[in-house]
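The next block holds one structure in the form of structure tokens; read it before the comments.
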Amino acid sequence: MAEERRSVITLGGKGSSLSSSSVYKVASGVANVRIDSSAIERLSTKPLPLIKGSSFSIPEELTKEETRASLVVLLNKLLLANSGSVRSVLPVKIMEILNSKDETFEFGDVEVTEGESVVLEKSCATLVGICSVIDHKTTGLSQVVDSVAALSCEATKGDVTSFSSLDSGDGFGNKDAISVAGDLKVLLNGSKAVGKFEIEEIWKIPRIHGKFRDVVRSVHSDARVELNSGVKGCGVGEALGATLSALCVPIKSLGECSFLRAKLCFESVVNEDLRKLLSEKSCVEYENLKSGVKLALVEEDPCRLAHKLNECLGIVWRIIGLEAAAAYFALAGGDLFATKEVLKGDKKKKAVLGKGTSVIIQFIKERLVSSNEAANGGDQVEQILNLYNPEGHGFDDLLAKVKEIVESNENRRLPKLPKGTRDFAQGKMIIREKAFSIIQNVFKKHGATALDTPVFELRETLMGKYGEDSKLIYDLADQLLDGMLEICGVPAEKFRTICSSIDKLDKQSFEQVKKEMVEEKGLSSEVADRIGSFVKEKGDPMELLNKLREEGSEFLGNESSKEALDELSIMFEALERS
């Protein structure tokens, strides 16, 4: 049987960078590695003094995947090092090992240059390699886990109305939780299977998954930096160790939340043997997760911590897979349909699933070898677990399908619109533009010409046309600035004309503006100087705001300016949180 053709990851090219995804492909054996010819040419060809061996070694307890990831990172670090101190022999040797079936590589008997020894001993290649594997797996998990949770929402008939209450619109909401809730709503769009029972495990989803997304971003950011940095001294191990430690609890919480949802789904699985099988497997994995995280939390060595965390991550993937299986069998029922049939009196009624979740159910169904649940339930569970395994053949297709569902929905997380306004999507704009074009052409044929007016008018102009109580008018209040002018002693009748002078400060110096206010607009020099004491202030918005609100400030004694400062405070805080 012909060997499956592998893709090729090229290292050392000019301007190239190494990603966690590329490391994982080579580590898992689905891609070969190649050194760019320009990188080979940059390496030293001169005879260099050699030292006997190196203290670098790869821990024996690492998995084959982790060992290969470490070698990929080490190879890249050698290519990033000072080319004058690194020969081509060592990078080529590592490349050959990665592209062959030989998994042994000992450095003790290899003579290296001093520069190569520095890279071997100080690059933290093993830690960075495992961190890259964790980065790749957690990134995929953060994208897939929401789709599994959405299936559980329907399998348990959970109430999901709380997902809409997370975004209050004031800038104080949890952005990641809101984002998760948005994705869940897309997956569940149109579902008639949710909304019946108040279930705490369902309500937890946005915050638990959101926190996981937050920490995953930190891991991804650190991994990306360390993969493409040369050997720059100390602190890498401690820094990555701290980032990975912060991942321990979110991983446990994610797995625990999934396990509890799966238990609820078991109750709706028709086949008793299948229900028992799913329950037993889930309980074993959950106990393994608890003990694994406990060991990881007390581990002080960064490399061993990364190894234990990667093991825990594998357990969480299996728990998520078991939840997916439980929700699938609960929804598909004995006949494995895309929608569950439930009896209501003498009539059969289909529980309509969400537009997104129904696609996921159908995707799983098509990949099961057998449709006979009673006879092959165990085999089907293993097939679903393999589908939710990052190393499984169908995982990439599953991930792509989930992304397609979530990212293609036009209604996903639309911004709120002001009252009385609306958005027009692409399809509607095509129709509107066509209609307006026809109308304009008809008018032009009859001699009409176009005219344009400002998007806003003076209040007195509109009041005369529409009246005081008209809802067609949106009043833009004067730039509560009036308070400052009043404090400085500017007569009320000169507010607007002095404001127009102040608006020129972004183009003219204050002395030029002062001359205009005094000589052309009749303001006294003393009042102009008082204005200058305020408008010359520059700095951070919140710092300036706090200064204006200090005890004894004249602004606090003026009702207009006090109201303006309060509103600015609310706006600045909202912007800062956003």
Item to complete: Can you tell me which of 302-315, 523-536 comes out highest on packing, and rank the rest after it, using the mean Cβ neighbours within 10 Å?
Response: 302-315, 523-536
Worksheet item: Going down the list LYS211/LYS232; LYS157/LYS276; LYS290/LYS403, which pairs span over 26 Å between their C-alpha atoms?
Response: LYS211/LYS232; LYS290/LYS403
Worksheet item: In the stretch 537-578, carbon and sulfur make up what percent of the accessible area (probe 1.4 Å)?
Response: 49 percent
Worksheet item: Across the stretch 283-300, in residue order, what do the Karplus-derived ³J(HN,Hα) couplings come to in whole Hz, using 6.51 cos²θ - 1.76 cosθ + 1.60 with θ = phi - 60° and x for Gly and Pro?
Response: 5, 4, 5, 5, 5, 4, 5, 4, 5, x, 5, 4, 5, 5, 5, 9, 6, 9
Item to complete: Amide H neighbours of ILE9 under 5 Å, at least 5 residues apart or on other chains, H built in the peptide plane: list them.
Response: ASN32, VAL33, ARG34
Worksheet entry | Å² of accessible area per residue within the stretch 41-91, as computed with a 1.4 Å probe and no ligands counted | 50 Å²
Worksheet entry | Karplus (6.51, -1.76, 1.60) ³J(HN,Hα), θ = phi - 60°, over the stretch 391-403, in Hz, Gly and Pro reported as x | 8, x, 5, x, 5, 4, 5, 4, 4, 5, 5, 5, 4
Worksheet item: So what's the gap between the Cα centers of the stretch 261-316 and the stretch 478-555, to the nearest angstrom?
Response: 65 Å
Worksheet item: Put a dot 7 Å past each Cα toward the Cβ at GLU543 and TRP203; how far apart are the dots in nm?
Response: 4.3 nm
Worksheet, complete the sentence: Computed for the stretch 145-285: size of charge dipole around the Cα centre, +1 on C-beta of each Lys and Arg, -1 on C-beta of each Asp and Glu, debye to nearest 20, value 140 debye
Practice prompt. Multiply the residue separation of VAL352 and THR449 by 0.36 nm, subtract the distance between their alpha-carbon atoms, and state the gained length in nm to one decimal.
Written response: 29.5 nm
Fill in: Potential lengthening between SER500 and GLU433 on full extension [0.36 nm per residue; Cα-Cα distance subtracted]
20.3 nm
Discussion item. Show me the ranking of peptides 435-441, 251-257 by mean Cβ neighbours inside 10 Å, starting with the highest.
Written reply: 251-257, 435-441
Worksheet entry | Of LYS137/LYS401; LYS281/LYS355; LYS355/LYS401; LYS25/LYS294, pairs whose Cα-Cα distance is over 21 Å | LYS281/LYS355; LYS25/LYS294
Worksheet item: Taking the Cα-to-Cβ direction at LYS64 and at SER408 and moving 7 Å from each Cα, how far apart do the two end points lie in nm?
Response: 3.6 nm
Item to complete: Report the calculated FRET efficiency for VAL225 and VAL298 (r = Cβ-Cβ distance, R0 = 30 Å), to the nearest 0.05.
Response: 0.65
Worksheet item: How much length, in nm to one decimal, is gained on full extension between VAL270 and ILE178, taken as 0.36 nm per residue of separation minus their Cα-Cα distance?
Response: 29.7 nm
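The values are calculated or read from the model by the stated rules, or taken from the named source; none is laboratory data. Since the model is a prediction, treat every value here as computed from it, not as a measurement. Every residue, glycine as well, gets a Cβ built from its backbone with ideal geometry; the counts of neighbours run over all protein chains shown. Please note that ligands, DNA and RNA were not included when accessible areas were found on the heavy atoms of the full protein model with its side chains. Shrake-Rupley method; radii C 1.70, N 1.55, O 1.52, S 1.80 Å.
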